[in-house]
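The values are calculated or read from the model by the stated rules, or taken from the named source; none is laboratory data. These numbers come from a predicted model, not from an experiment. Here Cβ is always computed from backbone atoms with ideal geometry, including for glycine, and neighbour counts include all displayed protein chains. SASA here: full protein model, heavy atoms, side chains in, ligands and nucleic acids out. Shrake-Rupley method; radii C 1.70, N 1.55, O 1.52, S 1.80 Å.
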Amino acid sequence: MVVASVPSRLLDGLDKQSSRIVFGCLFLHNTDNPYDLLDEAWKRGVNTFDCAAIYGGGQCEVILGNWIAERGHQDSAIIITKGGCGGQDSLWAPKLDEASVRKDLNESLKRLRLSVIDVYMLHRDDPSVTAGSIVKMMNTIMSEGSFRSWAVSNWSPQRIQQAIEFADENNLSPPNCSSIQLSLAQPSHEVWPGTEYMRGYSCANFYKTHKIPVLAWECLAKGFLVKDPSIHDKELIRSRTESHKELSPENGDEWREYKLRSAYVTPENIARCRRTRQLADQLGVSPAVVALAWILSQVCLITDRHQSRSLTHKHIPQQYSTD
């Protein structure tokens, strides 16, 4: 049973409340006991799970789908999954032609062992494709019953505005939420190719004004906010002297670490990390709880996607659990 005390809201197109803390499934395939981790999230009141076709090459959807089926959560869980882009080898290039979207969707349905997905999200944007044509395509596919609502990930406010206006003018359903990077540690630039982040007050005001739910990713800045700040001091020195790196088949892990350092390791973010840790110590909680609470406190924000890969490093706030 889902814990009623967990903050929740109703997304357009759905008939059940979504927990505002969403479990991100990116690392399920690298988790020793993924079912235990999913069970723990469920026990603490999380009923919404975010996955993607490219996570673990499809393995994460398989694990999530098997867990849903074995636990009998088909009718009570809310499943968000994403398609419409390639993997790291293509720098997550968008694939928004109808044939590619349908292929990704159908394969996700099989891996998840579901007949319908609650929210189907386009993982990347392709500005060369008109927003109107994407709205029409997603509404056409949605009318066939394979997903209940659709959403976008890593779209700019301008593109979302275009999609909303086209949908309104043509009596179609617009995207019901947007997924972008958001954390106390603000990136100095896009973290990954083709991604978007909350770019200051104008961006936040857009979401607030239009009442668009935000599904935030990398809420802990890939662990930056929970590390000892002294580690970041050393990384800052390193980042100032290292040269630009391009992705190659041989340096995937090294390239990803470089991208994270170049985005998050700044004097401003290190100071935020220190203040986060100080407040956490004062309150007797982990820095992760402070970081997640800040996201949940934002007026324009509705949802927070949190990823974890072990029970010893889960950070679902205790005040939202039944323990």
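Listed values, structure above:
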{"item": "Selected residue (criterion: farthest from residue 86 (Cα to Cα)) from residues of region 138-195 that are small (Gly, Ala, Ser) and touching a Lys or Arg at 6+ places or on another chain (Cβ under 8 Å)", "result": "185"}
{"item": "Region 304-323 - residue that is under 23 Å from residue 63 (Cα atoms) and polar (S, T, N, Q) and, of those, modelled with the lowest pLDDT", "result": "312"}
{"item": "Neighbours by Cβ (under 6 Å, 6+ apart or cross-chain): first from region 284-302, crowded, with 19+ Cβ neighbours inside 10 Å and at pLDDT 90 or above; second among the charged types (D, E, K, R) and in a helix (DSSP H, G or I)", "result": "287/277"}
{"item": "Any chance residue 197 is over 24 Å from residue 93 (Cβ atoms) and of a type in the set (Phe, Trp, Tyr)", "result": "no"}
{"item": "All positions within region 41-79 that are under 20 Å from residue 30 (Cβ atoms), open to solvent by less than 10 Å² (accessible area, probe 1.4 Å) and not in a helix (DSSP H, G or I)", "result": "46, 49, 50, 51, 52"}
{"item": "Any hit, region 110-118, residues being without any contact (Cβ under 8 Å) to a residue 12 or more places away in the chain, under 22 Å from residue 167 (Cα atoms), open to solvent by 10 Å² or more (accessible area, probe 1.4 Å) and over 17 Å from the mean Cα position of the chain (by Cα)", "result": "no"}
{"item": "Of all residues in region 165-188 being open to solvent by less than 30 Å² (accessible area, probe 1.4 Å) and without any contact (Cβ under 8 Å) to a residue 60 or more places away in the chain, the one that is farthest from the chain's Cα centre (by Cα)", "result": "167"}
{"item": "So residue 281, is it part of a helix (DSSP H, G or I) and under 23 Å from residue 21 (Cα atoms)", "result": "yes"}
{"item": "Qualifying positions in region 12-40 - touching a Leu at 6+ places or on another chain (Cβ under 7 Å), in a helix (DSSP H, G or I) and more than 25 Å from residue 95 (Cα to Cα)", "result": "34, 36, 37, 40"}
{"item": "Hits in region 242-277 - residues which are open to solvent by less than 40 Å² (accessible area, probe 1.4 Å), in contact (Cβ under 8 Å) with a residue 12 or more places away in the chain and in a helix (DSSP H, G or I)", "result": "252, 258, 259, 260, 261, 262, 263, 264, 269, 270, 273, 276"}
{"item": "Yes/no for residue 28 being touching a Cys at 6+ places or on another chain (Cβ under 8 Å) and open to solvent by less than 10 Å² (accessible area, probe 1.4 Å)", "result": "yes"}
{"item": "Residue that is nearest to residue 245 (Cα to Cα) [pool: residues in region 190-221 that are open to solvent by 60 Å² or more (accessible area, probe 1.4 Å) and at pLDDT below 95]", "result": "199"}
{"item": "Wholly within region 109-207, strands (runs of 3 or more DSSP E) carrying at least 3 residues that are closer than 19 Å to residue 61 by Cβ and in contact with a strand residue (DSSP E or B) (Cβ under 9 Å, 6 or more places away or on another chain)", "result": "117-122, 147-153"}
